[in-house]
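A.B. asks: Here you go, one structure.
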Amino acid sequence: MGLLAGKLLKYHELRRVFMPGGEIPTGDLLDRPLLKQPDLADVLDAIGRRGPDAYYRGDIAKAIVADVRDNGGVLSEEDFAQYRPFVWDGGLEFPYRGHTVRVPPYASAGITSAMTLKLLEEFDVASMGHNTVEMLHAYISCARLAYADRFTYVADPDSADVPWAGLVSDAYTSARRDSIGPTAPRAYEAGDPWAAEGRKPEVVLAGSRPALDDGTTHLCVVDGEGNAVSLTNTVMSGFGSGIVPKGTGIVMNNGMMWFDPVPGRVNSIAPGKFPLNNMTPALVLDDQGVRLAVGASGGRRITNCVTQLIVKVLDYGMGPQAAIDSPRVDCSTPHISVDPRLDGGVKAGLEAKGHRLVVIGEGFVQSGFASFASPVAIVRSGPKEFRAGVDTFHSAYAAGI
């Protein structure tokens with residue numbers, strides 16, 4: 001909590017909003033003081049009444065720009081007015097175990113999740129058994145290959161020539177899968193997805209490895225008709241940048257950390273450029289509609305969390321809470337993070353195959369938050385019947401009406 005406390009001490013407006021009366025609201029849920037955010041409520045009300053223009057072209061934008069500039073920042077009203085969201089119909093869809101998985105396309109972690117599951121689909125993980133040495137070796141190998149390509153190629157589509165089609169093509173997936181052997185290689189290298197597109201790029205930028213983050217929230221909602229939403233929202237790290245423009249209650253993110261500070265790389269900082277982000281909200285559909293809505297917070301660890309939950313539900317028939325509570329691994333760092341509850345023999349077997357493991361327990365934290373991603377999920381268990389699961393080890397909540 002040291003970093004977060006430092007931000008609260010450094011930034012007056014952040015402290016005023018989140019430490020009313022100079023104290024952090026603490027206590028049990030029933031007796032904890034109510035945290036009121038009237039400035040933020042007014043902003044949300046204005047957006048609800050007048051739509052996005054209330055934020056991007058109105059008094060809210062003026063207030064943010066004025067305060068940021070008063071404190072040495074460089075935002076302008078033109079920056080707000082020029083912003084355009086990414087809108088797509090269907091997103092990135094791909095098959096897995098007779099279902100259609102839908103994730104965000106382009107420079108999110110959606111394509112990394114797609115690559116991981118496409119690689120894994122040809123392995124009969126159900127017959128291998130849940131969290132066995134063979135099953136986890138297959139999963140880790142697929143995830144590692146997807147990450148190697150992610151950090152080498154994936155970036156803002158308007159800033160780099162990215163082989164989007166090649167990365168998720170059947171031919172490229174097959175070639176990458178053939179590289180998986182009975183043991184882990186010394187290093188997982190990126191492949192050549194350009195060949196799957198039948199071309200060579202004019203310019204290939206060096207790869208990047210963006211930083212971790214820990215200021216993300218995920219929610220899933222399914223209504224009685226089966227309409228579903230999987231939504232991830234982030235301010236990057238805890239309390240974002242720490243900046244709250246006066247009168248708005250809005251915590252500004254520090255998403256610049258997603259960029260590579262070294263020039264000339266695929267995710268280097270550039271004007272008007274979107275950074276590579278880690279979010280991968282997912283919907284899994286069958287012939288009756290949405291069967292699973294799932295997503296997580298947790299920075300770079302999100303994609304491995306989401307793909308493993310999809311595997312646990314579809315391959316092993318787990319319910320959402322059982323899937324979330326069962327041990328997971330994470331492949332997003334140079335070592336493999338494993339749950340301390342994972343069987344000792346399985347850990348030894350994975351190490352014998354060349355995987356470098358680090359067991360993450362209660363004593364291993366980053367910025368006050370546990371080091372595995374924090375998921376939520378909703379599974380359709382019958383006609384108009386749904387079950388939810390949330391992370392037992394984080395602040396999370398599930399409800400039905």
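The values are calculated or read from the model by the stated rules, or taken from the named source; none is laboratory data. Computed from a prediction, not measured in an experiment: that's the story for all the values here. When we count neighbours, we look across all protein chains shown, and the Cβ atoms used for this are built from the backbone with ideal geometry, even at glycine.
A.B. asks: On the basis of being more than 20 Å from Leu276 (Cα to Cα) and either of a type in the set (A, V, I, L, M) or crowded, with 21+ Cβ neighbours inside 10 Å (or both), does Ala160 make the cut?
C.D. replies: No, not satisfied.
A.B. asks: Inspect region 203-224 for any residue being over 28 Å from Ala373 (Cα atoms) and touching a helix residue (DSSP H, G or I) at 6+ places or on another chain (Cβ under 6 Å) and give the result as yes or no.
C.D. replies: Scanning region 203-224, I find no residue that is over 28 Å from Ala373 (Cα atoms) and touching a helix residue (DSSP H, G or I) at 6+ places or on another chain (Cβ under 6 Å), so the answer is no.
A.B. asks: If you check Ser395, Ser374, which single one turns out to be touching a strand residue (DSSP E or B) at 6+ places or on another chain (Cβ under 9 Å) and over 24 Å from Met135 (Cβ atoms)?
C.D. replies: Ser395
A.B. asks: Would you point out which residue out of Ile24, Ile47 is at pLDDT below 90, touching a Phe, Trp or Tyr at 6+ places or on another chain (Cβ under 9 Å) and of a type in the set (Val, Ile, Thr)?
C.D. replies: From the options Ile24, Ile47, the qualifying one is Ile24.
A.B. asks: May I pose another question? Going through region 269-304 one residue at a time, which ones are among the aliphatic types (A, V, I, L, M) and over 23 Å from Val235 (Cβ atoms)?
C.D. replies: Leu283, Val284, Leu285, Val290, Leu292
A.B. asks: Would you check if Tyr106 is at negative phi, aromatic (Phe, Trp, Tyr) and under 20 Å from the mean Cα position of the chain (by Cα)?
C.D. replies: Criteria not met by Tyr106.
A.B. asks: In the set Ile401, Ile360, which member is out of contact with any Phe, Trp or Tyr (no Cβ under 8 Å at 6 or more places or on another chain) and modelled with pLDDT under 90?
C.D. replies: Of Ile401, Ile360, the one residue that is out of contact with any Phe, Trp or Tyr (no Cβ under 8 Å at 6 or more places or on another chain) and modelled with pLDDT under 90 is Ile401.
A.B. asks: Continuing with the same structure: Looking for whichever is modelled with pLDDT under 95, assigned to a strand (DSSP E or B), of a type in the set (S, T, N, Q) and within 20 Å of the chain's Cα centre (by Cα) here; the options are Ser395, Ser337. Which one fits?
C.D. replies: After applying the criteria, what remains is Ser337.
A.B. asks: Next up: Free of Cβ contacts under 8 Å to residues at least 60 places away in the same chain, buried (at least 18 other Cβ atoms within 10 Å of the Cβ) and not in a helix (DSSP H, G or I): does that describe Phe94?
C.D. replies: Considered against the rule, which asks whether it is free of Cβ contacts under 8 Å to residues at least 60 places away in the same chain, buried (at least 18 other Cβ atoms within 10 Å of the Cβ) and not in a helix (DSSP H, G or I), Phe94 comes out as no.
A.B. asks: Name the residues in region 264-293 that are assigned to a strand (DSSP E or B) and over 11 Å from the mean Cα position of the chain (by Cα), would you?
C.D. replies: Arg265, Ser268, Leu283, Val284, Leu285, Asp286, Gly289, Val290, Arg291, Leu292, Ala293
A.B. asks: Also, I was wondering about something else. So the check is Cβ under 7 Å with 6+ separation or different chains; which pairs have a first residue in region 102-126 that's closer than 23 Å to Phe259 by Cβ and in contact (Cβ under 8 Å) with a residue 40 or more places away in the chain and a second one that's crowded, with 21+ Cβ neighbours inside 10 Å and of a type in the set (D, E, K, R)?
C.D. replies: Close Cβ pairs (under 7 Å, with a partner that is crowded, with 21+ Cβ neighbours inside 10 Å and of a type in the set (D, E, K, R)) amount to Thr112/Arg150; Met115/Asp149.
A.B. asks: Then there's this: On the given criteria, is Ser268 over 24 Å from Leu117 (Cα atoms), free of Cβ contacts under 8 Å to residues at least 40 places away in the same chain and not acidic (Asp, Glu)?
C.D. replies: no
A.B. asks: Being under 28 Å from the mean Cα position of the chain (by Cα) and either of a type in the set (A, V, I, L, M) or surrounded by fewer than 15 Cβ atoms within 10 Å (Cβ to Cβ) (or both) is the filter here, so list the residues in region 184-211 that pass it.
C.D. replies: If the condition is that a residue be under 28 Å from the mean Cα position of the chain (by Cα) and either of a type in the set (A, V, I, L, M) or surrounded by fewer than 15 Cβ atoms within 10 Å (Cβ to Cβ) (or both), then Ala184, Pro185, Arg186, Ala187, Glu189, Ala190, Asp192, Ala196, Val204, Leu205, Ala206, Ala211 are the ones that fit.
Residue-by-condition table, conditions (1) farther than 20 Å from Ser108 by Cα; (2) surrounded by fewer than 17 Cβ atoms within 10 Å (Cβ to Cβ); (3) at pLDDT below 95:
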{"site": "His137", "(1), (2), (3)": "yes, no, no"}
{"site": "Leu145", "(1), (2), (3)": "no, no, no"}
{"site": "Ala155", "(1), (2), (3)": "no, no, yes"}
{"site": "Ser174", "(1), (2), (3)": "yes, yes, no"}
